[in-house]
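One structure below.
The values are calculated or read from the model by the stated rules, or taken from the named source; none is laboratory data. Given the structure is predicted, the values throughout are model-derived calculations rather than measurements. No Cβ is skipped: glycine too gets one built from the backbone with ideal geometry, and neighbour counts run over all protein chains shown. Note: accessible area is taken over every heavy atom of the protein model, side chains too, but ligands, DNA and RNA are not part of it. Shrake-Rupley method; radii C 1.70, N 1.55, O 1.52, S 1.80 Å.
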2 protein chains.
Amino acid sequence: MKKYIIDIYGADKGYGVVIDGALDTLKENEDIGIVLCGDEESIKTYLSDKSYDANRITIVHAPEEITNHEPPTVIFDKKQNSSLAVAIKILKEDEDAVALVSPGNTGAVLVGSIFKLGMSVPLKQPALASMLPCANGKLVCLIDCGANMDCKPSHLAKFAVMGSVLMKCRSDIENPTVGLLSVGREEGKGNVQTKEAYNLIKETGVNFIGNVEGNDVLTGDIDVVVCDGFSGNVLMKNAEANGKVAMKFIDEILENEQQGSHTYQVLSQLRERLFLTFDFNSRGGATFLGVNKILIKAHGSANSKTIAACIGQARILESKGFSDAIQTALSI
Amino acid sequence: MKKYIIDIYGADKGYGVVIDGALDTLKENEDIGIVLCGDEESIKTYLSDKSYDANRITIVHAPEEITNHEPPTVIFDKKQNSSLAVAIKILKEDEDAVALVSPGNTGAVLVGSIFKLGMSVPLKQPALASMLPCANGKLVCLIDCGANMDCKPSHLAKFAVMGSVLMKCRSDIENPTVGLLSVGREEGKGNVQTKEAYNLIKETGVNFIGNVEGNDVLTGDIDVVVCDGFSGNVLMKNAEANGKVAMKFIDEILENEQQGSHTYQVLSQLRERLFLTFDFNSRGGATFLGVNKILIKAHGSANSKTIAACIGQARILESKGFSDAIQTALSI
């Protein structure tokens, strides 16, 4: 039975939402097992009034939590018994363990994945890919969205390949379009890094459509947008904030409108549509690409649905042979 | 009499809106002169049914236009008689000429400013600063927003100083706050470039508040955000596109609402507010900082109000001794 390892700590709303999300997934999928890593007594107490298939839940005692205020490297010394450290160990050592979902400290997940799980591809560290909802309802894979701050052009070419494999496996797109984030669509536009990356990506065999600009990313016309982790992070946070501004404007109007009125309803629907388009974090996780198994980072703002969505995402990737596909694509 | 040089070509709506904007400014300011650079006959024909103070308008014949499809370097050979080339020549050579406003090819304005106008500060090329409207109604200066693709940390430190001077002169802010665009607020966050820039900016004497993230830029809580031209351009275009998405959602609702109804009015007001917040280009210009005189690039989508706003911006900067202030700040 394939096991999904869950680091229960790191969600702003507490470990309850994480366990709830795992239990929901367990109910919906009869062929999987869940391993919950965290303080055993806390988990047992939380589970005591829940109904679930106990044969498919394993609790692994890991009493410590790595908080977001701690340096990632505590995973190697002070916090070796943390839920995250233990979860990564199980993921690596247990043959049945196929994926790990953690809402914890991103930096700790990153360094833990590099040094405790290991890379499957010729990169020093994984790339972080986020699936962003677009204006037309489609998803775009933004890679890298925050793991690799300083990238060589060859890194961007590898991101292009990995992002393409991710979209193939995740969204059943046969030949995903790949764009390179730049400042103009023409081939010569960009900085030293992207100009060289442009040539390298052309040679990878991905369905490269050339440069794309900041205003192209969320149109839904491109499947994969490649950039370094600095630009990707800046863009993603900015877009989320812009959505919040629009929602704030609506909230200000709603305060003066009568609940239940037509105007109130229309504005509420508009607000919901903006939320679904611009709230990237509450609905899923970012995938670490290039590590030995499937590793998904849920956002700290995750609720139980988010956690269930992350495990679901891991299940799809697992069923499509994602890890092998990435390794094969980059070893050619 | 101080002269403002206007390159009439480059606006999507044609040279009429540029001339109209210049005439409006001329009427409102009795102490300035305007120099219109473009095809003499076209300008005379356009002016024939307008009323204006002819003593304060000079027409300089420059029949050629540099289009956006041409490489910027045509300013040095094929298009030496272009409106832009002639306008820059006058700006440089005429002692009374204080500023140039051009809606033309940005690359041509950039290379023209470097090689035909010259730098006043120890930088190889100017930085491009845009004033972006924020959610709270304030403006933030984003520097660089697209001129310098590959920046050394020392460039970012100079941008910090120049952006600070710009906000002091333009918006009468005594000690503008300056943030460095990065991926986290903590000092250690960022890439190699920003980490080193962080230390250099600390030493410049500007009111440095440290790193800011993609979601902080448009809050209105910071006066100047420093970044390289690649990240700045990506962020700016993304933010504009996000605003357009929200406006598109509203337009779709408006199609089914009765004009004049309360809902229609409320949504139209919301749309206008989003437009004023996210449409960066139609309302003003970007300033090239570090060149010998005041140089403002109006966006191609400019209308007559935009052009008048750009000349107005140049007037304020001129009255505050902006060019000298920049030079002084960077020579210390």
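Using C-alpha pairs below 8 Å separated by at least 6 residues, the relative contact order for segment A:48-180 is 14 percent. Using a Förster distance of 25 Å, how high is the FRET efficiency between B:Glu174 and B:Ser331, based on the Cβ-Cβ distance and rounded to 0.05? Working from the Cβ atoms, E equals 0.70. Split the accessible area of segment B:213-300 by element, probe 1.4 Å, and carbon with sulfur accounts for 45%. Sorted from greatest to least, the principal axis extents spanned by the alpha carbons of segment A:251-332 come out as 60, 25, 19 Å. Shown for B:Asp31: label points 7 Å from Cα along the beta-carbon vector, and their distances to the equivalent points in the other copies, 8.2 nm in ascending order. Rounded to the nearest 10 square angstrom, A:Ile57 shows an accessible area of 20 square angstrom against a 1.4 Å probe.
Between Rg and the Kirkwood Rh of segment B:1-85, both from Cα atoms, what is the Rg to Rh ratio? Show your work: numbers first, answer last.
On the way: Rg = 13.2 Å, Rh = 13.3 Å.
In segment B:1-85, Rg relative to Rh is 0.99.
Between the amide H of A:Val225 and those of A:Cys141, A:Leu142, A:Ile143, A:Gly179, distances stay under 5 Å, these residues lying 5 or more places away or on another chain, with hydrogens modeled in the peptide plane.
Couplings for segment A:253-266, taken from phi via the Karplus curve 6.51 cos²θ - 1.76 cosθ + 1.60 with θ = phi - 60°, read 6, 4, 4, 9, 9, 6, 4, x, 5, 4, 4, 4, 5, 4 Hz in order; Gly and Pro are left as x.
Other chains near A:185-196: what is the mean number of their Cβ atoms within 10 Å of each residue's Cβ?
Working: counts 0, 0, 0, 1, 3, 4, 8, 3, 3, 2, 2, 0.
Whole-number average of other-chain Cβ neighbours for A:185-196 is 2.
Applying the Karplus relation 6.51 cos²θ - 1.76 cosθ + 1.60 with θ = phi - 60° to segment A:220-227 yields 3J(HN,Hα) values of x, 8, 10, 8, 10, 10, 9, 7 Hz, where x marks Gly and Pro.
Once you sort the root eigenvalues of the Cα gyration tensor of chain B as a ≥ b ≥ c, which label holds: rounded (a/c under 1.5), prolate (a/b larger than b/c) or oblate (the other case)? The partial results should precede the final answer.
Details: a/c = 1.80, a/b = 1.13, b/c = 1.59.
Because a/c hits 1.5 or more and a/b fails to exceed b/c, chain B counts as oblate.
Counting every alpha-carbon pair across the protein assembly as shown, the share separated by more than 37 Å comes to 43%. Scanning residues 5 or more positions from B:Lys2 or on other chains, those with amide H under 5 Å from its amide H are B:Gly33, with H placed 1.01 Å from N in the peptide plane. The gain in end-to-end length when the B:Glu186 to B:Asp94 segment is fully stretched comes to 28.3 nm, 0.36 nm per residue minus the alpha carbon separation.
Potential lengthening of the chain between B:Lys305 and B:Asn292 amounts to 2.1 nm, from the contour at 0.36 nm per residue minus the alpha-carbon distance.
Helices in chain A, meaning DSSP H runs of at least 4 residues, each add -39500 (n - 2.57). Divided by all residues, the mean residue ellipticity at 222 nm is -13500 deg cm²/dmol. The label point for A:Ser48 and the one for B:Asn29, both projected 7 Å from the Cα toward the Cβ, are 7.7 nm apart.
Under the criterion of Cα pairs below 8 Å and six or more residues apart, the relative contact order for segment A:1-104 equals 39 percent.
With all projection directions averaged, the alpha carbon convex hull of segment B:65-203 covers 10.5 nm². If R0 is 35 Å, the Cβ-Cβ spacing of B:Asn281 and A:Glu70 corresponds to a FRET efficiency of close to 0.20. When A:Glu95 is represented by a point 7 angstrom out along its Cα-to-C-beta vector, the spacings to that point in the other copies are 9.1 nm, nearest first. Taking a straight line from the alpha carbon of A:Lys202, these lysines sit under 21 Å away, with near neighbours fewer than eight places off in the same chain left out: A:Lys152, A:Lys158, A:Lys168, A:Lys189. Chain A packed on chain B takes about 3700 Å² of accessible surface away from a 1.4 Å probe, both sides summed.
Residues A:Glu64, B:Glu28, A:Glu257, A:Glu93, sorted by accessible area with the largest first, give B:Glu28, A:Glu93, A:Glu64, A:Glu257 [1.4 Å probe; ligands and nucleic acids excluded]. Counting from the shortest, the label point at B:Glu187, 7 Å from Cα toward Cβ, is 4.6 nm from the same position in each remaining copy.
For the set B:Phe249, A:Phe76, the ranking by accessible area, highest first and with no ligand, DNA or RNA atoms included, is A:Phe76, B:Phe249 under a 1.4 Å probe. In plain terms, the chain from B:Glu203 to B:Asn81 could stretch by 39.5 nm, reckoned as 0.36 nm per residue minus the Cα-Cα distance.
A probe of 1.4 angstrom, applied to the heavy atoms of all protein chains, finds B:Asp77 with accessible area near 90 square angstrom.
Using the Karplus relation 6.51 cos²θ - 1.76 cosθ + 1.60 with θ = phi - 60°, the per-residue 3J(HN,Hα) values for segment A:309-320 come to 5, 5, 5, x, 4, 4, 5, 4, 4, 4, 5, 9 Hz, with x marking Gly and Pro. In the complete set of protein chains, residue-level accessible area for A:Lys116 is approximately 60 Å², probe 1.4 angstrom.
Could you tally the net charge around A:Asn29, taking each other residue with its Cβ under 13 Å from the Cβ of A:Asn29, Lys/Arg +1 and Asp/Glu -1?
On the way: positive: A:Lys2, A:Lys3, A:Lys27, A:Arg56, A:Arg315; negative: A:Asp24, A:Glu28, A:Glu30, A:Asp31, A:Asp53, A:Glu318.
The answer is -1.
Counting only protein chain heavy atoms and rolling a 1.4 Å probe, the accessible areas of B:Tyr4, B:Tyr264 rank, largest first, as B:Tyr264, B:Tyr4. Charge dipole of the protein assembly as shown (Cα centre as origin; +1 on each Lys and Arg Cβ, -1 on each Asp and Glu Cβ, all else neutral): 840 debye, rounded to the nearest 20. What shape does segment B:98-166 have by the C-alpha gyration tensor, where a ≥ b ≥ c are the square roots of the eigenvalues, rounded means a/c under 1.5, and otherwise prolate means a/b greater than b/c and oblate the rest? Oblate.
Averaged over peptide B:263-274, the number of partner chain Cβ atoms lying within 10 Å of each residue's Cβ comes to 4.
Calculate, for the protein assembly as shown, the solvent-accessible area per residue in square angstrom, rolling a 1.4 angstrom probe over the heavy atoms of the protein chains. Don't skip to the end; give the middle numbers.
Details: 26850 Å² over 664 residues.
Dividing the accessible area of the protein assembly as shown by its residue count gives 40 Å².
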